[in-house]
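Input: one structure, supplied below.
The values are calculated or read from the model by the stated rules, or taken from the named source; none is laboratory data. Keep in mind the model is a prediction, meaning the values are calculated, not measured. Cβ placement follows ideal geometry from the backbone for every residue including glycine, while neighbour counts extend to all protein chains displayed. With ligands, DNA and RNA removed, areas are computed over all heavy atoms of the protein, side chains included. Shrake-Rupley method; radii C 1.70, N 1.55, O 1.52, S 1.80 Å.
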Amino acid sequence: MCGIVGGIARHDVVPHLVEGLRRLEYRGYDSAGVVVINDEGCVDRIRRAGRVEALASAIDGKMQGSVGIGHTRWATHGVPSEINAHPHVCRKTVALVHNGIIENHDSLRAQQIEKGFEFTSDTDTEVVVHQVYDYHLNQQLDLLEAVRLTINDIRGAYALGVISNRDPHRIVAARFGSPLVIGLGENENYIASDAAALLPITRRFIYLDEGDIADITLDRVTVFDADGNQVERPVHESTLSADAADKGDYDHFMLKEIFEQPGAIVETIEGRVSEDRVLEASFGPEAASIFNQIEAVQIVACGTSYHAGLIARYGFEELGGLPCNVEVASEFRYRRHVVSPNTLFVTISQSGETADTLAALREAKKMGFSHTLTICNVPESSLVRESDLSLMTRAGPEIGVASTKAFTTQLVALLLLVVVLGRRRELAPDTEAKIVKQLRHLPVQIEETLALNDKIAEMAKQFANKRNALFLGRGAHYPVALEGALKLKEISYIHAEGYPAGELKHGPLALVDSEVPIVAVAPNDALLDKLKANLQEVRARGGALYVFADPASAVHAEDGVSVIEVAPAEQAVSPIVYSVPLQLLAYHVALIRGTDVDKPRNLAKSVTVE
């Protein structure tokens, strides 16, 4: 979802702005632009539809300035085009970038047209820059006060970066519902949607709280809260490296991140398990007293994180004896709920800024959920700050839009939560010890699974000209099938659906023929025989099967049946292991089909608007 970068320095900031936009490409976008106040005091803007490289080529020494803002846009209001790209400028005086959605833009547009403002785009954002100009120039207020009054007039979600050639030595930034961070330097300061955009420049960051507005100059950052009070926000020292967002020797970020999973899982469990026990203090100093009260779990998430929640439900109920409900965040917010006493409200998000999940958390607090916990990859994110408890997945930066290592580390983190809650009910100490042992061995199992890469690449050739696919699983591996189907459709644009294998006779079997590949995961568990019967139903109708199977499953390759054996995995960690070959399958199919693996069309990495 859209990316913001901005800077003020004693030197030309354009190279930093362009590099920052490159580092925000993973969020998803359709156009990009930069505006600066140049040495003549003019507002100088260049925008381009398409990739940041097209913008960089257009700039190529043609603009410079010591204060500026840049943006990568993901279309909401108005088609992807140069005129709809940010930054937006009003009367060659005020320039602004915006992430989010302005819900009352229609009424503001009507008022501004009556005042004589001309619109050059179809975006909701343009009303904001006109409103700032109206206060700033027509009512002769300074830029900070103009922005402050403007945000009182708008409804919706926003992160804003604003500059003006009438007040050329400052950037005003504000946020509500969309993330924004300030990067601190020596005689230079910056803003961005994500700290990763600024890592080559600084490791010191201020994360703005909801409703904050910041006045940023060369040597000073002043922050005001939603009530207008000057406040001190803590300065965080980032531990991320500037090259964390580099592909290295890999062709794509997605492939790199798939192969980073063993190391990422090591990071997730490090310091959180002893030889035979999960250390619940990992969830925070108040975790034990909170967990003692919990009688049920409500999980809310979106996309891949939702699938992680679905898998975790089996753990909470089968291993821990704890009732668990899982719901898509965008649906959770818009229906009445009956809140069970002492229910732990769990959110899952890679970024910690997913708009629907964050809104669901806030709504849950109003509903009366007793305690909240988030599973997240970004320590300073909104979900972390607003939850009672948190557990960081420690996956490191994930740049590819299609989530891989974030998903598997979420599953590991959720399994840790299953254990600490389950030990209070039905999970015996010897079972906990076995799970800890499985977690310790999991990185090795993932390494063994990654060694199947060449075989999976060969299998992927059978999908090159397909238009549809079905993914099947049973029990906790049904959500694995859902995730496998999501990965394939995200990056290869093949229509794919995940189903419980037992549901074939209730509709999907009508789709089965030789042109619809059927992908199945077949661990050696209690449901294996039932799964094999379901696969026979497919074969009887001429369907082509592609099975990832435990060596002991007795699923054998034959005409119309391709089998890749996956290293044996115990029940608790099996869904994690079987997710990896499905990630590789999606990657290689997309590679063959020539799609943009890391930045699939129409999708954004972090969905920070509804």
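Is there any pair with a first residue in segment 488-500 that is closer than 19 Å to Leu310 by Cα and a second that is open to solvent by 60 Å² or more (accessible area, probe 1.4 Å) whose Cβ atoms are under 6 Å apart and which are 6 or more apart or on different chains, and what are they?
Between residues of segment 488-500 that are closer than 19 Å to Leu310 by Cα and residues that are open to solvent by 60 Å² or more (accessible area, probe 1.4 Å), the close pairs are Ala496/Lys489; Pro500/Tyr478.
Yes/no per residue for (1) of a type in the set (Lys, Arg); (2) touching a His at 6+ places or on another chain (Cβ under 8 Å); (3) at pLDDT 90 or above:
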site	(1), (2), (3)
Glu327	no, no, yes
Ser351	no, no, no
Met367	no, yes, yes
Cys376	no, no, yes
Thr404	no, no, yes
Val419	no, no, yes
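Search segment 381-399 for residues that are open to solvent by 20 Å² or more (accessible area, probe 1.4 Å) and pair each with any residue that is in a loop (DSSP other than H, G, I, E, B) when their beta-carbon atoms are under 6 Å apart and the residues are at least 6 apart or on different chains.
Val384/Gly352; Met392/Pro379; Pro397/Ala244; Pro397/Ala245
Okay, moving on. Scan Lys62, Lys92 and give me the residue that is within 24 Å of Val127 (Cα to Cα), part of a loop (DSSP other than H, G, I, E, B) and not acidic (Asp, Glu). Steps first, answer last, please.
On the way: Lys62 fails: within 24 Å of Val127 (Cα to Cα).
Result of the check over Lys62, Lys92: Lys92.
Inspect all residues belonging to segment 57-67 and state whether any of them is in contact (Cβ under 8 Å) with a residue 60 or more places away in the chain and either crowded, with 23+ Cβ neighbours inside 10 Å or in contact with a helix residue (DSSP H, G or I) (Cβ under 6 Å, 6 or more places away or on another chain) (or both).
Of the residues in segment 57-67, the ones in contact (Cβ under 8 Å) with a residue 60 or more places away in the chain are 67.
Add one more test, that the residue is either crowded, with 23+ Cβ neighbours inside 10 Å or in contact with a helix residue (DSSP H, G or I) (Cβ under 6 Å, 6 or more places away or on another chain) (or both), and what stays is 67.
So far as segment 57-67 goes, yes, one or more of its residues are in contact (Cβ under 8 Å) with a residue 60 or more places away in the chain and either crowded, with 23+ Cβ neighbours inside 10 Å or in contact with a helix residue (DSSP H, G or I) (Cβ under 6 Å, 6 or more places away or on another chain) (or both).
Looking at (1) within 26 Å of Arg601 (Cβ to Cβ); (2) at pLDDT below 95; (3) polar (S, T, N, Q), find the lone condition where Asn104 falls short.
(1)
Which residue is surrounded by the most Cβ atoms within 10 Å (Cβ to Cβ), if the candidates are limited to segment 359-375 and must be closer than 22 Å to Thr304 by Cβ and touching a residue at least 40 places away in the same chain (Cβ under 8 Å)?
Ile375
Could you list, in sequence order, the residues of segment 205-221 that are closer than 24 Å to Gly156 by Cα and either in a loop (DSSP other than H, G, I, E, B) or among the polar types (S, T, N, Q) (or both)?
Matches in segment 205-221: Leu208, Asp209, Glu210, Gly211, Asp212.
Every residue, every condition in (1) in contact with a helix residue (DSSP H, G or I) (Cβ under 7 Å, 6 or more places away or on another chain); (2) on the phi < 0 side of the Ramachandran plot; (3) assigned to a loop (DSSP other than H, G, I, E, B); (4) open to solvent by less than 40 Å² (accessible area, probe 1.4 Å), yes or no:
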{"site": "Ala281", "(1), (2), (3), (4)": "yes, yes, no, no"}
{"site": "Ser289", "(1), (2), (3), (4)": "no, yes, no, no"}
{"site": "Ile294", "(1), (2), (3), (4)": "yes, yes, yes, yes"}
{"site": "Tyr306", "(1), (2), (3), (4)": "no, yes, no, no"}
{"site": "Gly315", "(1), (2), (3), (4)": "yes, yes, no, yes"}
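Table: residues versus (1) without any contact (Cβ under 8 Å) to a residue 60 or more places away in the chain; (2) touching a Gly at 6+ places or on another chain (Cβ under 9 Å); (3) farther than 25 Å from Ser289 by Cβ.
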{"residue": "Ser403", "(1), (2), (3)": "no, yes, yes"}
{"residue": "Thr408", "(1), (2), (3)": "no, no, yes"}
{"residue": "Leu417", "(1), (2), (3)": "no, yes, no"}
{"residue": "Ala433", "(1), (2), (3)": "no, no, no"}
{"residue": "Lys437", "(1), (2), (3)": "no, no, yes"}
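May I ask you to verify whether Cys302 is modelled with pLDDT of 95 or more and either more than 24 Å from Gln445 (Cβ to Cβ) or buried (at least 16 other Cβ atoms within 10 Å of the Cβ) (or both)? Can you show your working first?
Working: modelled with pLDDT of 95 or more: no; either more than 24 Å from Gln445 (Cβ to Cβ) or buried (at least 16 other Cβ atoms within 10 Å of the Cβ) (or both): yes.
Criteria not met by Cys302.
Let me confirm something: among Asn468, Asn524, which residue is touching a residue at least 24 places away in the same chain (Cβ under 8 Å) and more than 29 Å from the chain's Cα centre (by Cα)?
Values: Asn468 fails: more than 29 Å from the chain's Cα centre (by Cα).
None of the other options fit; the residue is Asn524.
The rows are residues; the columns are (1) in contact with a helix residue (DSSP H, G or I) (Cβ under 8 Å, 6 or more places away or on another chain); (2) closer than 24 Å to Val266 by Cα.
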| site | (1), (2) |
| --- | --- |
| Ser349 | yes, yes |
| Ala360 | yes, no |
| Gly368 | no, no |
| Pro379 | no, yes |
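Go through segment 68-82 residue by residue and tally those that are of a type in the set (A, V, I, L, M) and surrounded by 15 or more Cβ atoms within 10 Å (Cβ to Cβ).
Step one: of segment 68-82, the residues of a type in the set (A, V, I, L, M) are 69, 75, 79.
When the remaining residues are screened for being surrounded by 15 or more Cβ atoms within 10 Å (Cβ to Cβ), the result is 69, 75.
Number of matching residues: 2.
So how many residues does segment 570-596 have that are more than 17 Å from Gly400 (Cα to Cα), assigned to a loop (DSSP other than H, G, I, E, B) and among the β-branched types (Val, Ile, Thr)?
Total satisfying the criteria: 1.
So, of the residues in segment 84-120 that are closer than 28 Å to Gly41 by Cβ and without any contact (Cβ under 8 Å) to a residue 24 or more places away in the chain, which turns out to be surrounded by the fewest Cβ atoms within 10 Å (Cβ to Cβ)? Steps first, answer last, please.
Residues of segment 84-120 that are closer than 28 Å to Gly41 by Cβ, as a first pass: 84-99, 112, 115-120.
The next check asks that each one be without any contact (Cβ under 8 Å) to a residue 24 or more places away in the chain; those that pass are 112, 115-116, 118-119.
Numbers: Gln112: 20, Lys115: 9, Gly116: 6, Glu118: 10, Phe119: 13.
Residue satisfying both the conditions and the ranking: Gly116.
Moving on. Which of the residues that make up segment 160-176 are under 16 Å from Glu380 (Cα atoms) and in contact with a Leu (Cβ under 8 Å, 6 or more places away or on another chain)?
Going through segment 160-176, the residues under 16 Å from Glu380 (Cα atoms) turn out to be 175-176.
Answer for segment 160-176, where residues must be under 16 Å from Glu380 (Cα atoms) and in contact with a Leu (Cβ under 8 Å, 6 or more places away or on another chain): just Arg175.
Would you check which residues across segment 2-52 are free of Cβ contacts under 8 Å to residues at least 24 places away in the same chain and under 21 Å from Pro80 (Cα atoms) and list them?
Step one: list which residues in segment 2-52 are free of Cβ contacts under 8 Å to residues at least 24 places away in the same chain, which gives 15, 40, 44, 46, 50.
Scanning segment 2-52 gives Ile46, Gly50.
Something else now. Go through (1) closer than 23 Å to Arg91 by Cα; (2) of a type outside the set (Ser, Thr, Tyr); (3) touching a residue at least 24 places away in the same chain (Cβ under 8 Å); (4) not in a strand (DSSP E or B) for Ala173 and report which single condition fails.
(4)
Let me ask something additional. For the structure I just gave you, tell me whether Ala604 is within 22 Å of Leu488 (Cβ to Cβ), at pLDDT below 95, surrounded by fewer than 21 Cβ atoms within 10 Å (Cβ to Cβ) and among the small types (Gly, Ala, Ser).
Considered against the rule, which asks whether it is within 22 Å of Leu488 (Cβ to Cβ), at pLDDT below 95, surrounded by fewer than 21 Cβ atoms within 10 Å (Cβ to Cβ) and among the small types (Gly, Ala, Ser), Ala604 comes out as yes.
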